[in-house]
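What follows is a single structure, written as structure tokens, with notes after it.
The values are calculated or read from the model by the stated rules, or taken from the named source; none is laboratory data. Everything numeric here is computed off the predicted structure, so don't read it as measured data. Neighbour counts run over all protein chains shown; Cβ positions are idealised from the backbone, glycine included.
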């Protein structure tokens, strides 16, 4: 009886251990990324990090598969020639190990300049280059260790091969047809070298032409569905007058069919300025881009007398250390304020005359009404 109780207890303990092991969190692969930013929201930061990592991992997929394919094909060739699987794995890995190592080193060398790049571009693509380099390094180790081991256990030897299914036979015929077509086109190209050379020259010339006409910029313009606007009125405008103008502008924006909601404030830094935050409807409903909405609103808001509105689409990546009501900034420095007061308006007027620029403004405000009061703190006169 005691022996039966002990046996049952042992079985219960073993079952409990197996159930604990099946839910062990250590068995679940987890990737933890810690990100923080003093200027960006958590959702925006997550989207940017996910985009960079997804791009790097998507590109790395081809590099990871490439090393394993080189190793697998070489080992399969020896197995098809009658070499035992274990010997074929050792021989095949020994033959192509230098090739795999050199391929991985050359790929890392390509992304090394991006990893060492300075400036804004370097900061944006540092994680991209680091992810790719680490993926290539892991691929190298796996190709030299795990892939040969799996080939020595899983590859079928010639005497173990079974009859292929109909689907496999159909795929083999399609691959053979594709190979025959490639052989015919390759033979035709070798028989007409002059025509192939002319097509190469034409391709290079077409690439040069496309490089010239394709729009270029530092960062592509995004449509995040949000617009911010800065409002500037005359420097002598009071808070009460600014409130009226601000309400009129908010009403114009709210009447636009692509706008979902508007919020804003005035009087934060000065009585003649304000900010507006515009949320657009989903792209499927508004049918136009954020830039098109800005161009449409710019014409209507320009009719408001005594104030100007500067709209810009919110971007996930913003460059610059100062808050501005324009998308691009130019900071003018001087040793004296008198030089800034002189050359600031001159530079602003020159930029406003450029046809390719819009919403040119300056935060220099020294033209408002002012009165100097001098207190006479002498003794009172009888």
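Remarks
- Within region 245-277, restricting attention to residues that are farther than 21 Å from residue 315 by Cβ and loosely packed, with under 13 Cβ neighbours inside 10 Å, the residue that is farthest from the chain's Cα centre (by Cα) is 247.
- The listed residue being on the phi < 0 side of the Ramachandran plot, in contact (Cβ under 8 Å) with a residue 40 or more places away in the chain, out of contact with any strand residue (DSSP E or B) (no Cβ under 7 Å at 6 or more places or on another chain) and not in a loop (DSSP other than H, G, I, E, B), out of 252, 231, 294, 278: 252
- The set of residues in region 103-141 that are surrounded by 14 or more Cβ atoms within 10 Å (Cβ to Cβ) and outside any helix (DSSP H, G or I) contains only 117.
- Taken together, 231, 196 contain a single residue that is surrounded by 11 or more Cβ atoms within 10 Å (Cβ to Cβ) and under 22 Å from residue 359 (Cα atoms), which is 231.
- Residue check for residue 91: in the same structural domain as residue 146 (by TED's automatic domain parsing), surrounded by 14 or more Cβ atoms within 10 Å (Cβ to Cβ) and at pLDDT 90 or above: yes
- For residue 282: the one exception among (1) modelled with pLDDT of 80 or more; (2) closer than 27 Å to residue 249 by Cα; (3) touching a helix residue (DSSP H, G or I) at 6+ places or on another chain (Cβ under 7 Å); (4) loosely packed, with under 13 Cβ neighbours inside 10 Å: (3)
- Region 199-226, residues that are in a loop (DSSP other than H, G, I, E, B) and closer than 18 Å to residue 318 by Cα: 216, 217, 218, 219, 220, 221, 222, 223, 224, 225
- Verdict on residue 164 being outside any helix (DSSP H, G or I) and surrounded by 10 or more Cβ atoms within 10 Å (Cβ to Cβ): yes
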